[in-house]
Amino acid sequence: MTYLSLTLTLPSWIGEYIHETGTQFSSIEERMALVVELSRLNIQHKTGGPFGAAIFRADGLLVAPGVNLVASACCSMFHAEMVAIAMAQQVLQTFDLGNDLATHYELYASTEPCAMCLGAVPWSGVNALVCAAYDEDARAIGFDEGAKSADWVAELEQRGISVLRDVLRGNAVEVLQAYADGGGLVYNGRSAK
């Protein structure tokens, strides 16, 4: 029997971009600016949808970037958050980013997580989630974010995961709108009907 394999590979421009920017980001705003720029560059390079994410150590060291690769990789699971989580777990060689109690990891996302990515947050082991654009901003351009509890922030916080929203939201919304204005593929729009 032949088994299929699946390889997750970041677009080559990400390595070049990270080489230029460095890997240490001292403030929350600097970290989010990187994530929003990844989402913008993902559109510019035509490698995926208008979403970026990254895993940082709490001290601001970039562990792994992620961008939306759903259409380019033909895989509905390759949302930016899922890509960043998977890459960080591979870099650190662990399926649980919370395994090392001395080091805290944070997930930054250019848009609040959809239902799938929200479900992955607790299992990833991150200690914090930081978001830019709101769920409603993604829905406004046609993306189906799935069914989420109205109390999702409180539910994550009850699990020990801090949540910070609205960090550079305007910048992230500009990227979403540019994607929509440019005729970007809304790959899950049919499920919202």
Considering Y105, Y179, which residue is buried (at least 16 other Cβ atoms within 10 Å of the Cβ), modelled with pLDDT of 95 or more, out of contact with any Leu (no Cβ under 7 Å at 6 or more places or on another chain) and of a type in the set (F, W, Y)? Y179
Could you say whether any residue in the stretch 21-32 is touching a Pro at 6+ places or on another chain (Cβ under 7 Å), among the charged types (D, E, K, R) and part of a helix (DSSP H, G or I)? no
Quick one: which of R165, R159, R169 is among the basic types (K, R), closer than 24 Å to T47 by Cα and in contact (Cβ under 8 Å) with a residue 24 or more places away in the chain? R169
Can you find a residue in the stretch 54-65 that is of a type in the set (K, R), outside any loop (DSSP other than H, G, I, E, B), touching a helix residue (DSSP H, G or I) at 6+ places or on another chain (Cβ under 7 Å) and closer than 22 Å to A132 by Cβ? no
Given (1) farther than 23 Å from L69 by Cβ; (2) surrounded by fewer than 16 Cβ atoms within 10 Å (Cβ to Cβ), index of the condition W152 fails: (2)
(1) touching a Ser or Thr at 6+ places or on another chain (Cβ under 6 Å); (2) exposed (fewer than 15 other Cβ atoms within 10 Å of the Cβ) all hold for Q90 apart from (1)
Need pairs with beta-carbon distance below 9 Å; first residue touching a residue at least 60 places away in the same chain (Cβ under 8 Å) and within the stretch 104-130, second in a loop (DSSP other than H, G, I, E, B) and of a type in the set (S, T, Y); sequence gap 6+ or separate chains. T111/Y134
Given (1) more than 13 Å from T111 (Cβ to Cβ); (2) surrounded by fewer than 20 Cβ atoms within 10 Å (Cβ to Cβ); (3) touching a strand residue (DSSP E or B) at 6+ places or on another chain (Cβ under 8 Å), identify the lone condition not met by R169. (1)
Complete set of residues in the stretch 13-52 that are modelled with pLDDT of 95 or more, loosely packed, with under 13 Cβ neighbours inside 10 Å and under 16 Å from M87 (Cα atoms): none
For the stretch 68-125, what are the residues that are assigned to a loop (DSSP other than H, G, I, E, B) and small (G, A, S)? S76, G98, A102, G125
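The values are calculated or read from the model by the stated rules, or taken from the named source; none is laboratory data. Every value quoted in this text rests on a predicted model; they were computed, and no experiment measured them. Note: ideal-geometry Cβ built from the backbone for every residue, glycine included; neighbour counts use all protein chains shown.
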